[in-house]
1. Leaving out ligands, DNA and RNA, what percent of the accessible area of the chain is carbon and sulfur, probe 1.4 Å?
2. Trypsin sites (Lys or Arg not before Pro), restricted to the stretch 13-94: which are DSSP loop and have at most 11 other Cβ atoms within 10 Å?
3. Cα axis of helix 17-32 to longest principal axis of the chain: angle in degrees, 0 to 90, nearest 10?
4. Within 10 Å of each candidate Cβ there may be at most 16 other Cβ atoms; applying that plus a DSSP loop requirement, which GluC sites (Glu not before Pro) in the stretch 72-101 survive?
5. Taking N as the number of residues in the chain, what value does Rg over Cα atoms divided by 2.2 N^0.38 Å take?
6. Provide Rg and Dmax in Å for the stretch 29-85, with only Cα atoms included in the calculation.
7. Convert each backbone phi in the stretch 37-42 into a coupling constant with the Karplus relation 6.51 cos²θ - 1.76 cosθ + 1.60 (shift: θ = phi - 60°), then list the ³J(HN,Hα) values in order as whole Hz, x for Gly and Pro.
8. Using θ = phi - 60° and the Karplus relation 6.51 cos²θ - 1.76 cosθ + 1.60, list the HN-Hα couplings for the stretch 79-90 in order, rounded to whole Hz, with x at every Gly or Pro.
Amino acid sequence: MLGGRRMIKVKHRRHTPEQVVRKLREADRLLGEGADIPGVCRHLEVSEQTYHRWRQQYGSMQADDVKRLKELEHENTRLKRIVADQALDIRALKDVAEGKF
């Protein structure tokens, strides 16, 4: 106990976006049945802060939407890396052309 309050230990683990969406749907069901947010968070084994962060990030998404978002983010990262490599190649060619090698 800390200051008269009982501390609840929550396991630390990473959730995939699909798992997050599934847990949010479960939370919606529990809240619809009259449960309160702290009770829902205990049931889902996440902190209230995590619940609210997930709600903000994934609130209106379905599992397919989240999967597609992650694919697009991965592709975007790959394309940014390609652009950066090309910019380096262009800079190197300019330096060679100007005799700064």
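The values are calculated or read from the model by the stated rules, or taken from the named source; none is laboratory data. A quick note: this is a predicted structure, and the numbers were derived from the prediction, not measured. All Cβ positions, glycine included, derive from the backbone under ideal geometry; neighbour counts span all protein chains shown. To get the accessible areas, we keep the full protein, side chains included, count just its heavy atoms, and leave off ligands, DNA and RNA. Shrake-Rupley method; radii C 1.70, N 1.55, O 1.52, S 1.80 Å.
1. Numbers: 4480 of 8380 Å².
Result for the chain: 53 percent of the exposed heavy-atom area is carbon or sulfur.
2. The qualifying sites are Arg13, Arg14.
3. Long axis of 17-32 versus the principal axis of the chain: about 30 degrees.
4. For GluC sites (Glu not before Pro) across the stretch 72-101 that sit outside H, G, I, E and B with at most 16 neighbouring Cβ atoms in 10 Å, the list reads Glu98.
5. Values: Rg = 23.0 Å, N = 101, 2.2 N^0.38 = 12.7 Å.
Compactness ratio reported: 1.81.
6. Rg then Dmax for the stretch 29-85, in Å: 16.7, 55.
7. So the Karplus estimates, Gly and Pro as x, are 4, x, x, 5, 5, 5 Hz.
8. 5, 4, 5, 4, 4, 5, 4, 5, 4, 5, 4, 4
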